[in-house]
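A short write-up of the structure that comes next.
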Amino acid sequence: MQAWQFPCRLQEYGHLQASLLCSGIFASLIPCLMNGIFCYVLRHLSTSENRRLANGFARAAFARCPKGSQNAPAPIATCALLGYTVRMANKFSAVAFDLDGTLYPNRRLYRKLLPFVAANWRLLMAFGKARGIIRREQEKSPSLVRADFYDYQAALTAEMLNAGADAVKEKIEALMYRGWEPLFSGVRLFPHVRDLLPELRAAGLKLGLLSDFPPEAKLKNMGLAGLWDSVLCSEETGALKPSAHPFLVMAGELGCPPEKILYVGNSRPYDVAGAQRAGMKAALISRRASGSPRADFTFQDYRQLRDFVLN
C-alpha cells in the first residue's frame, strides 16, 4: 500500500480523530463509515510524526474500549486496520545509493590502485583539478548543465597536461573509466549490503544508484547487477554532485517525487548536500559514532539503515 502526499497535517485534526476513535459514536452508530474514513486518512500519511500520532490514537481507542462491550469488535477491528495501514505507509518510495565508498570501503580499492597511481599520477592530479573547476562553476551557476560534459572535462584536463584534448579523453576512458573496472570483482562489500538490497525490493521500494563515475561494469563485477530500477552516472546528465540536477534526473527515472527518496552516501559535501538540494532525504555512512549535523540519518552498520527504512 503506497502512502500518498496528504495536503494537511494530521495534528490539525488530531483531537477530533482521537475523540471519534474513543467515543461510543464511533463504535456503535457508524462504525463502518468511520473505519473507512479514518483508514483513508492513514493511507495519505507522509511523515513519521503523523504515523506516530496515528499509532497513539489506535492505542487510545483500544484502551478506552470497555471490556465485555457488545460494541468492542468495531474499535478492535479498527485498531488492527490502523496498525496494518501505518506499517504499510512507508516513509520512502525509493532508496538510492552512491557506489564508491558507500557500498564498499574505499581503502580496499585504494590498495589495488597503488601501481596505477604511481604510473599515472600527473593524469590523476590534472583530472581532479578539472573536476574541481567544474564543481566551482556549478556552485556559481546551480542550473548549469553541460551537454558536452566529457569533452569539456577532457579539455580542462588536457590544458593542465599541455596535451591534446582528444588524446587525453581517450586516456581517461581507457585508464580511469574502463581500466579500473576489473578490480571490482575482488572488492568486498560492507557487511549486510548484499542482504539489504533484495530486502528493500521485497518491501516494495525502488532502488536507484547514482555515481560520479560509470557504475554499470562495477556493479556487474561486484555481483550487484540486476537489482536496480535506475543506474545513473552523473556525468551522463551533464553535471557532477552536489548539483541537484543528477539527483532529479534519477528521481525521474525512478518515477518517485524527490521527497519520497532516501539517498545513501559517504560524502557530506557531495552526497548529503546534493540529495538535500534536490529535496531528498540523505543518509550518511560514517565510521564516526556521532551523527552528521546535515544528514537526516547517520549510520555505521547497514543493519541500522535497514531498521531506519523499514521500521
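Looking at segment 203-258, which of its residues are within 12 Å of the chain's Cα centre (by Cα) and either under 20 Å from Asn106 (Cβ atoms) or without any contact (Cβ under 8 Å) to a residue 24 or more places away in the chain (or both)?
Scanning segment 203-258 gives Leu209, Leu210, Pro258.
With respect to Gly179, is the statement that it is within 29 Å of Trp121 (Cβ to Cβ), of a type in the set (Gly, Ala, Ser) and modelled with pLDDT under 95 true?
When the stated conditions are applied, Gly179 passes them.
Looking at segment 103-119, is at least one residue loosely packed, with under 15 Cβ neighbours inside 10 Å, part of a helix (DSSP H, G or I) and modelled with pLDDT of 95 or more?
Taking every residue of segment 103-119 in turn, none turns out to be loosely packed, with under 15 Cβ neighbours inside 10 Å, part of a helix (DSSP H, G or I) and modelled with pLDDT of 95 or more.
Go over the candidates Val86, Val145, Val95 one by one and state the one that is modelled with pLDDT under 95 and β-branched (Val, Ile, Thr).
Only one candidate passes the filter, namely Val86.
Please indicate, with yes or no, whether at least one residue in segment 280-302 is hydrophobic (A, V, I, L, M, F, W, C) and assigned to a helix (DSSP H, G or I).
So far as segment 280-302 goes, no, none of its residues is hydrophobic (A, V, I, L, M, F, W, C) and assigned to a helix (DSSP H, G or I).
When you scan segment 142-163, how many residues do you find that are assigned to a loop (DSSP other than H, G, I, E, B), surrounded by 13 or more Cβ atoms within 10 Å (Cβ to Cβ) and small (Gly, Ala, Ser)?
Qualifying residue count for the region: 1.
List the helices (runs of 4 or more DSSP H) that sit entirely inside segment 216-270 and contain at least 3 residues that are in contact with a strand residue (DSSP E or B) (Cβ under 7 Å, 6 or more places away or on another chain), buried (at least 19 other Cβ atoms within 10 Å of the Cβ) and outside the structural domain of Ser141 (by TED's automatic domain parsing).
It comes to 244-254.
Run Tyr150 past the list (1) without any contact (Cβ under 8 Å) to a residue 40 or more places away in the chain; (2) among the hydroxyl-bearing types (Ser, Thr, Tyr); (3) within 30 Å of Lys206 (Cβ to Cβ) and report the number of the one that doesn't hold.
(1)
The values are calculated or read from the model by the stated rules, or taken from the named source; none is laboratory data. What you are looking at is a predicted structure, and each value in this text was computed from that prediction instead of being measured. Every residue, glycine among them, receives a Cβ derived from its backbone with ideal geometry; neighbour counts consider all protein chains shown.
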